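The values are calculated or read from the model by the stated rules, or taken from the named source; none is laboratory data. If you're wondering where the values come from, they're calculated on a predicted model, not measured in any experiment. Glycine also receives a Cβ, built like all others from the backbone with ideal geometry; neighbour counts cover every protein chain displayed. The area values use the complete protein model at the heavy-atom level, side chains included, leaving out ligands, DNA and RNA. Shrake-Rupley method; radii C 1.70, N 1.55, O 1.52, S 1.80 Å.
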Amino acid sequence: MVAVGVSTQFLAVFAQELRAGGLAQVSVRDLVQAVVLPRTVGLRCAYVDLPTAAAESGPATAFVSHAWGSPAMDVLEALIAEAHPSSACEYYWIDFLCLNQHALPKGTTTAAAGEIHAHGTCDNDSAELSIWLSRRLKALIQGIGAVIVVLYPWRDSLPLTRLWCLYEIYVASKTSASVKVVFPPSQKHVFLREITRDPEAAAANLYHVASEDALASVPDDLLHIRSAIQIDVGFAALNRIVQGLLRLGLLYVARSFAEASLAEQDAVPASLAADTIVECLARVIDDLGDSTTALALLHRQAVKIRTAILPSSPCKGPVSECLDCMCDKQQLCREHGSKDAAPAAADPTPALRVRLAATLCHTAEIQDSIGQSQ
């Protein structure tokens, strides 16, 4: 059976309705009680199965992993912001919209738990039920082929403390489904502000995983998922697998943020002297294991700063060789073999020189660490 999801347009309209109804701050759990259950009580169906949703539903292209304690608006806005403008056929399988909430045992919220209730099991043996639960969830995620993890808040993120979410990420690895990490727009600004204070601490905080201590709202869910983990992989191995997938997902996030920051610098050149976000993101990316991308970002940043200091300079030499001579444009061009040196000396902005020095220092630190590891 093909899993059905809702479109980005559906989510955008749904989010507008929540704002208009004064429900912009409610959690997913409260949203189900206030909106999903009342609107579907007549047909006792999933929200996606309502006639009004038919035009904006289709075969799911992404399974959404999120915590029910997160603000519903943040979950919706994270998905809306992530959708590519040219992607007209993205459909998200979200449990509170795509599972029949009327058919779930009281307090149960998850995909596999809903399947258990709907189809039943052959007996009440905990180990057998745990194995069956694992297979149902794997079938759902494998059929969709992609998982999106909505991290809220960015620090001590709720999904990383919930056993269902960690298990869903693990199942993605077992089924070779892709995993993407997204932040709500509100958390993006908090994250960028925090990493400028302490990039290393930010990177360490982002994917701390301890599945053995994770929680579930329903005691039976906790029992069966823990049993499934112990049968299938063990807590320590699951932690390593989830951390690896989160690291890759967070690399995507950090690269995206860095590209956006570079684009903003182009739009507002005056911000370049005070903008340290690209440098901090490069350090986070390096901490996450991608030194090549980190160095490339720092080089692009350094070129931007050099161009801002000497906008008409034809200098093509390595940026790292230019810092000491930037106070004299004639010397700069001469040292790099230019025949078109301008007669007037440049008057570089001190703040830009400081930014360039910091960028080159970070570059040297990463290069040194690469050399030491080889």
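In table form, for the structure just shown:
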quantity: Residues within segment 173-214 that are touching a Cys at 6+ places or on another chain (Cβ under 6 Å) and not aliphatic (A, V, I, L, M), tallied; calculated: 2
quantity: Helices (runs of 4 or more DSSP H) (entirely within segment 1-104) containing at least 1 residues that are over 19 Å from the mean Cα position of the chain (by Cα) and at pLDDT 95 or above; calculated: 8-20, 28-31, 37-40, 95-98
quantity: Count - residues of segment 301-313 that are part of a helix (DSSP H, G or I) and either touching a Pro at 6+ places or on another chain (Cβ under 9 Å) or crowded, with 17+ Cβ neighbours inside 10 Å (or both); calculated: 7
quantity: Odd one out for Asn239, checked against (1) open to solvent by less than 60 Å² (accessible area, probe 1.4 Å); (2) within 14 Å of the chain's Cα centre (by Cα); (3) of a type outside the set (A, V, I, L, M, F, W, C); calculated: (2)
quantity: Lone unmet requirement of (1) within 24 Å of Gly69 (Cβ to Cβ); (2) in a helix (DSSP H, G or I); (3) within 16 Å of the chain's Cα centre (by Cα) for Val179; calculated: (2)
quantity: Meets criteria (open to solvent by less than 50 Å² (accessible area, probe 1.4 Å) and at pLDDT 85 or above) for Asp368; calculated: no
quantity: Hits in segment 136-147 - residues which are open to solvent by 20 Å² or more (accessible area, probe 1.4 Å) and within 12 Å of Tyr167 (Cα to Cα); calculated: Lys138
quantity: Members of segment 182-211 found to be open to solvent by 50 Å² or more (accessible area, probe 1.4 Å) and in a loop (DSSP other than H, G, I, E, B), listed by number; calculated: Thr196, Arg197, Asp198, Tyr207, His208
quantity: Selected residue [modelled with pLDDT under 90 and either over 21 Å from Cys165 (Cα atoms) or hydroxyl-bearing (Ser, Thr, Tyr) (or both)] from Asp275, Asp286, Asp221; calculated: Asp275
